[in-house]
Ligand SMILES: Cc1cc2nc3c(=O)[nH]c(=O)nc-3n(C[C@H](O)[C@H](O)[C@H](O)COP(=O)(O)OP(=O)(O)OC[C@H]3O[C@@H](n4cnc5c(N)ncnc54)[C@H](O)[C@@H]3O)c2cc1C
């Protein structure tokens, strides 16, 4: 494993002990002989590290050592929804991660950059059993994404990963219910594909909200999993189906307590997972709290920068 750390500034994770915000200073790297819990988390705020190196625990201990980050290469990219692109990278030798974690990618010699710098954090959309790494992003018109979209295949980037604790709980007696929408699907794809691959036995329901089917990345893949895996249910809902070019026969409207109750007998039984831009996560937490779900049973991954 290249690095192991649970949290990094700029994101909020709520585990079984409730919400907490990571604002530590330090490195995300684990020293040999230490555990992930021993290591401090990254000191770098989102997108401000100008170089693809980072300070290690050695330096915090007063010893000088800077570790170059491992390199990855862009292998392929293609559209996965309107305005949304998946990027495939090679998996460096020895690199391991858990489904649901994320990675920081640094452009090494970008043709342009801006105040946000050459680094972005993206959830690992790939499942760990898959041979390549995948990142998926909304292609907004920012310097980083303009460069990424046009990067020649084979270009090297620095990879700083894995980070995060937005991973599936162990107790299979408790269902896992994901509430997500739009780009928030990225860690969910990784988790549900890995769970199906490993036959973990979890009952998993994914509520996936988008304006139109055209906006919903991995919709066909997840629908196929729904049809072939009895432990997995996809509840895709469209909030603006009338604007779609495609026919839509599924759920419509925002996810609310009534929709949840149609698919979940006991709303207090599952562990809930919320992922996506902060406003979306806040809204979904509100839905769950209104439905009587305790914060202890809600885990979140907020995508800062949206
Ligand atoms: C744990 C974690 C996981 C993440 N996973 C993903 C992921 O899987 N996929 C993903 O796409 N992102 C993910 N993000 C967010 C990602 O790191 C970037 O912040 C995000 O993609 C925005 O990058 P950007 O280059 O578009 O904007 P930036 O250049 O970073 O923009 C920064 C600021 O400018 C504003 N801004 C820029 N462009 C626009 C615009 N067109 N309209 C309105 N405001 C704008 C933003 O609101 C923000 O305040 C994740 C973040 C975290 C913390």
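Here's a check for you: in the stretch 129-142, which residue that is under 13 Å from the mean Cα position of the chain (by Cα) and under 15 Å from residue 99 (Cα atoms) is farthest from the ligand (Cβ to nearest atom)?
Applying the filter and picking the extreme gives 133.
Identify the residue in the stretch 105-127 that is without any contact (Cβ under 8 Å) to a residue 60 or more places away in the chain and surrounded by 20 or more Cβ atoms within 10 Å (Cβ to Cβ) and, among all such residues, is nearest to the ligand (Cβ to nearest atom). Before the answer, list the steps.
Filtering the stretch 105-127 down to residues without any contact (Cβ under 8 Å) to a residue 60 or more places away in the chain leaves 105-115.
If we keep only those that are surrounded by 20 or more Cβ atoms within 10 Å (Cβ to Cβ) as well, we get 105-107.
Values: 105: 9, 106: 12, 107: 11 Å.
Among those residues, the one meeting the criterion is 105.
Counting only residues that are within 14 Å of the ligand (Cβ to nearest atom) and closer than 17 Å to residue 135 by Cβ, give me the strands (runs of 3 or more DSSP E) lying completely in the stretch 154-235 with at least 3 of them. Full working, then the answer.
On the way: elements: 156-163, 176-181, 204-210.
Where strands (runs of 3 or more DSSP E) fall fully within the stretch 154-235 and carry at least 3 residues being within 14 Å of the ligand (Cβ to nearest atom) and closer than 17 Å to residue 135 by Cβ, they are 156-163.
Which one of these is in a strand (DSSP E or B) and either within 20 Å of residue 195 (Cα to Cα) or more than 15 Å from the chain's Cα centre (by Cα) (or both): 122, 89, 95? Quick ask: steps written out before the conclusion?
Details: 122 fails: either within 20 Å of residue 195 (Cα to Cα) or more than 15 Å from the chain's Cα centre (by Cα) (or both); 95 fails: in a strand (DSSP E or B).
None of the other options fit; the residue is 89.
Identify the residue in the stretch 280-293 that is under 17 Å from the mean Cα position of the chain (by Cα) and either touching a residue at least 12 places away in the same chain (Cβ under 8 Å) or assigned to a loop (DSSP other than H, G, I, E, B) (or both) and, among all such residues, is surrounded by the fewest Cβ atoms within 10 Å (Cβ to Cβ).
Applying the filter and picking the extreme gives 280.
Could you tell me which of the residues 296, 265, 256 is surrounded by fewer than 16 Cβ atoms within 10 Å (Cβ to Cβ) and in contact with a helix residue (DSSP H, G or I) (Cβ under 7 Å, 6 or more places away or on another chain)?
Values: 296 fails: in contact with a helix residue (DSSP H, G or I) (Cβ under 7 Å, 6 or more places away or on another chain); 265 fails: in contact with a helix residue (DSSP H, G or I) (Cβ under 7 Å, 6 or more places away or on another chain).
Matching residue, one of 296, 265, 256: 256.
Which pairs do you get when a residue that is more than 17 Å from residue 76 (Cβ to Cβ) and assigned by TED's automatic domain parsing to the domain that holds residue 79, found in the stretch 128-156, comes within reach of a residue that is in a loop (DSSP other than H, G, I, E, B) and near the ligand (Cβ under 6 Å from one of its atoms), reach meaning Cβ atoms under 8 angstrom, with the pair 6+ apart or on two chains?
Matching pairs, first to second residue: 138/306; 142/116; 143/116; 144/47; 144/116.
Residue 98 passes all but one of (1) touching a helix residue (DSSP H, G or I) at 6+ places or on another chain (Cβ under 9 Å); (2) in the same structural domain as residue 268 (by TED's automatic domain parsing); (3) away from the ligand (no atom under 12 Å from the Cβ); which number fails?
With (1) touching a helix residue (DSSP H, G or I) at 6+ places or on another chain (Cβ under 9 Å); (2) in the same structural domain as residue 268 (by TED's automatic domain parsing); (3) away from the ligand (no atom under 12 Å from the Cβ) applied to residue 98, the lone miss is (2).
Is it the case that residue 67 is on the phi < 0 side of the Ramachandran plot, at pLDDT 95 or above, surrounded by 14 or more Cβ atoms within 10 Å (Cβ to Cβ) and assigned to a strand (DSSP E or B)?
No.
Residues in the stretch 272-282: is at least one away from the ligand (no atom under 16 Å from the Cβ) and either touching a strand residue (DSSP E or B) at 6+ places or on another chain (Cβ under 7 Å) or farther than 26 Å from residue 124 by Cα (or both)? Steps first, answer last, please.
So the first thing to find is which residues in the stretch 272-282 are away from the ligand (no atom under 16 Å from the Cβ), and the list is 272.
Still in the list and also either touching a strand residue (DSSP E or B) at 6+ places or on another chain (Cβ under 7 Å) or farther than 26 Å from residue 124 by Cα (or both): 272.
Yes, there is a match, as at least one residue in the stretch 272-282 is away from the ligand (no atom under 16 Å from the Cβ) and either touching a strand residue (DSSP E or B) at 6+ places or on another chain (Cβ under 7 Å) or farther than 26 Å from residue 124 by Cα (or both).
The values are calculated or read from the model by the stated rules, or taken from the named source; none is laboratory data. Keep in mind the model is a prediction, meaning the values are calculated, not measured. Cβ coordinates were reconstructed from backbone atoms using ideal geometry, including for glycine residues, and neighbour counts include every protein chain displayed.
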